[in-house]
Amino acid sequence: MRAVNRIGILTSGGDAPGMNAAIRAIVRKAVYHGLEVIGIERGYLGLLHKEFRPLSLGSVADIIHRGGTILRTARCEDFKKPEFQARAMENLLEAGVEGLIVIGGDGSFRGALALARRGMPVIGVPGTIDNDLAGTDFSIGFDTAVNNVVDAINKIRDTATSHERTFVIEVMGRTSGHIALHAGLAGGAESILIPEIPYDIDDVIFKLERGINRGKLHSIIVVAEGAASGIEIGEEIRRRTGLETRITILGHLQRGGTPTALDRTLASRMGAEAVELLLSGETNKMVGIVAGEIQASDLSKAIEQKKGLDREMWELAGILAI
């Protein structure tokens, strides 16, 4: 049974490659079912300022390959306050929005949950490069970010080998080490420092010296920003070993660029399923992918539960770096 006739979409928090593919899928699946779609620009900030525009088939043409988000995104501290949430709800109802799809991470979902508690049917689509949301194996943007980091590691390794240097590469991940772990394993890093597992600088240096003793010409160390400062790690290595060490902080380079095929297909499947959930009368749900299957879970689960890290993968990375 159709539960809605007009839906809204917003992207919030940090942008993630593949968000545009999700927007495209939502709009086209909605139009297929005869729904109207309202795009809300600049996330919750735009929602408070009524920055609405209709989205049609043509408005989402040629965006599946683009990074970032055509709806743009912004931070909005005011939205944490009940009075601003009430205003946002009024704006949605005034615009005739009967269901809302929010693409973003845990902060975005907290805002979505607040609107759901006020009666707005809401579905969350996980879009964050950190891949730190419970209820899904992968979030939109993660695969692209990992490939961006691996590409950087490959390029840095050429210089590291030529100059026989040690490189410390700092990647994003204030509370999550998923990017560092996957990219470090794929890039052949000697050490991977992540927030979830306390590191020992003595162990890092031991691995470096072990490699030198067997004739290794260079070393790569991947550091998640939440585990340590790449600059401080590099300086400590230089001070204690005398090795010529360079530090690279990748920063927002990881977020941009063309989304991978995996992120595009994942975003397309998740976006389409979000529309189906609204049509079936569901609310307060997050679309996720588990063991290759698209499924829905409670939105609160993604917020309240901490997604675990694959410790076996971390241990494997250490074994393969001997």
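The values are calculated or read from the model by the stated rules, or taken from the named source; none is laboratory data. Remember, predicted model here, so these are calculated numbers, not experimental data. All Cβ positions, even for glycine, are placed from backbone atoms using ideal geometry, and neighbour counts span all protein chains on display.
Here's the yes/no breakdown for (1) over 29 Å from residue 297 (Cβ atoms); (2) more than 28 Å from the chain's Cα centre (by Cα); (3) among the hydroxyl-bearing types (Ser, Thr, Tyr); (4) at pLDDT below 95:
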site	(1), (2), (3), (4)
215	yes, yes, no, yes
222	yes, no, no, no
233	yes, no, no, no
240	yes, yes, no, yes
247	yes, no, no, no
258	yes, no, yes, no
263	no, no, no, no
268	no, no, yes, no
271	no, no, no, no
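Quick check, is residue 293 surrounded by 19 or more Cβ atoms within 10 Å (Cβ to Cβ), free of Cβ contacts under 8 Å to residues at least 40 places away in the same chain and assigned by TED's automatic domain parsing to the domain that holds residue 63?
It is false that residue 293 is surrounded by 19 or more Cβ atoms within 10 Å (Cβ to Cβ), free of Cβ contacts under 8 Å to residues at least 40 places away in the same chain and assigned by TED's automatic domain parsing to the domain that holds residue 63.
Kindly indicate which of 253, 243 is farther than 21 Å from residue 23 by Cα, assigned to a helix (DSSP H, G or I) and in contact (Cβ under 8 Å) with a residue 24 or more places away in the chain.
Sole residue among the options that is farther than 21 Å from residue 23 by Cα, assigned to a helix (DSSP H, G or I) and in contact (Cβ under 8 Å) with a residue 24 or more places away in the chain: 253.
Residues in region 98-116 that are more than 23 Å from residue 268 (Cβ to Cβ) and either in contact (Cβ under 8 Å) with a residue 60 or more places away in the chain or outside the structural domain of residue 27 (by TED's automatic domain parsing) (or both): how many?
Within region 98-116, the first condition is being more than 23 Å from residue 268 (Cβ to Cβ), and the residues that meet it are 98, 107, 110-111, 113-116.
If we keep only those that are either in contact (Cβ under 8 Å) with a residue 60 or more places away in the chain or outside the structural domain of residue 27 (by TED's automatic domain parsing) (or both) as well, we get 98, 107, 110-111, 113, 116.
Adding up the residues that qualify gives 6.
From the set of residues in region 220-238 that are assigned to a helix (DSSP H, G or I) and acidic (Asp, Glu), which is surrounded by the most Cβ atoms within 10 Å (Cβ to Cβ)?
Out of the qualifying residues, it is 236.
Which pairs do you get when a residue that is in the same structural domain as residue 22 (by TED's automatic domain parsing), found in region 40-69, comes within reach of a residue that is surrounded by fewer than 18 Cβ atoms within 10 Å (Cβ to Cβ) and among the polar types (S, T, N, Q), reach meaning Cβ atoms under 7 angstrom, with the pair 6+ apart or on two chains?
Filtered contacts from region 40-69: 65/258; 67/258.
Condition first: buried (at least 23 other Cβ atoms within 10 Å of the Cβ), within 23 Å of the chain's Cα centre (by Cα) and more than 15 Å from residue 165 (Cα to Cα). Can you find one or more residues in region 195-211 that meet it?
Checking region 195-211: not a single residue is buried (at least 23 other Cβ atoms within 10 Å of the Cβ), within 23 Å of the chain's Cα centre (by Cα) and more than 15 Å from residue 165 (Cα to Cα).
Do we find that residue 288 is outside any strand (DSSP E or B), in contact (Cβ under 8 Å) with a residue 60 or more places away in the chain and in the same structural domain as residue 26 (by TED's automatic domain parsing) in this structure?
Against the criterion (outside any strand (DSSP E or B), in contact (Cβ under 8 Å) with a residue 60 or more places away in the chain and in the same structural domain as residue 26 (by TED's automatic domain parsing)), residue 288 does not qualify.
Within region 13-25, can you find the residues that are modelled with pLDDT of 95 or more and either part of a loop (DSSP other than H, G, I, E, B) or farther than 22 Å from residue 76 by Cβ (or both)?
Selection gives 15, 16, 17, 18, 21, 24, 25.
Looking at region 147-165 only, could you name the residues that are in contact with a strand residue (DSSP E or B) (Cβ under 9 Å, 6 or more places away or on another chain) and modelled with pLDDT of 95 or more?
Hits for region 147-165 are 149, 152, 153, 156.
State which residue is farthest from residue 195 (Cα to Cα) when the search covers only region 103-138 and only residues that are among the β-branched types (Val, Ile, Thr) and part of a loop (DSSP other than H, G, I, E, B). Talk me through it step by step, then tell me what you get.
Within region 103-138, the subset among the β-branched types (Val, Ile, Thr) is 103, 122-123, 125, 128-129, 136.
Next, from what is left, pick out any that are part of a loop (DSSP other than H, G, I, E, B): 128-129, 136.
Numbers: 128: 17, 129: 16, 136: 20 Å.
This residue is 136.
For the structure I just gave you, tell me whether residue 144 is in a helix (DSSP H, G or I) and touching an Asp or Glu at 6+ places or on another chain (Cβ under 8 Å).
Judged against the criteria, residue 144 is a match.
Would you mind finding the one in 6, 2, 42, 28 that is surrounded by fewer than 24 Cβ atoms within 10 Å (Cβ to Cβ) and at pLDDT below 95? Spell out the reasoning first.
Numbers: 6 fails: at pLDDT below 95; 42 fails: at pLDDT below 95; 28 fails: at pLDDT below 95.
Of 6, 2, 42, 28, the one residue that is surrounded by fewer than 24 Cβ atoms within 10 Å (Cβ to Cβ) and at pLDDT below 95 is 2.
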